[in-house]
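Read-outs throughout are calculated quantities, based only on the coordinates presented, and are distinct from any laboratory measurement. As the structure is a prediction and not an experimental result, all values here were calculated from the model. Note that we place each Cβ from the backbone using ideal geometry, even for glycine, and neighbour counts take in every protein chain shown.
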């Protein structure tokens, strides 16, 4: 685990290899991930439309897997599979998803900070 991997929630080696080491591309992908999670997370309403829930969880699962946040992708997959569950179960899934997302976001922030420091040299 590198300095930037505060929680180990994101496999940055995977992301760096996937982006062929292109720091600009990695920064853009992580920025898009931030935007996408903020957008789709709002659609995960345990009392809301089950189809919207399923689509939101599915999109978050793909975005998470794409950056190497495997544990988050797994939780998103569980939320996606629970799209027809009762609201109380969805609320519990959403809590787990938010916890996994918080861990991934902490690692992303640390990674981006470390990259910014490297660019100052």
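Things worth noting here:
- Judged by the mean number of other Cβ atoms found within 10 Å, the most tightly packed of the peptides 63-71, 107-115, 84-92 leads the ranking 63-71, 107-115, 84-92.
- Against the chain, whose longest principal axis is taken from its Cα atoms, helix 70-81 shows a tilt of about 20°.
- GNM on the chain, alpha-carbon springs under 10 angstrom: the most fluctuating residue among 24, 99, 77 is 24.
- Residue-averaged 222 nm ellipticity for the chain, from DSSP H runs of 4+ at -39500 (n - 2.57), nearest 500: -25000 deg cm²/dmol
- Mean-square fluctuations from a GNM of the chain, with a 10 angstrom spring cutoff on Cα atoms, peak among 42, 96, 54 at 42.
- nm² value of the averaged projected area, convex hull over the Cα atoms of the chain: 6.9 nm²
- If R0 is 22 Å, the Cβ-Cβ spacing of residue 84 and residue 41 corresponds to a FRET efficiency of close to 0.65.
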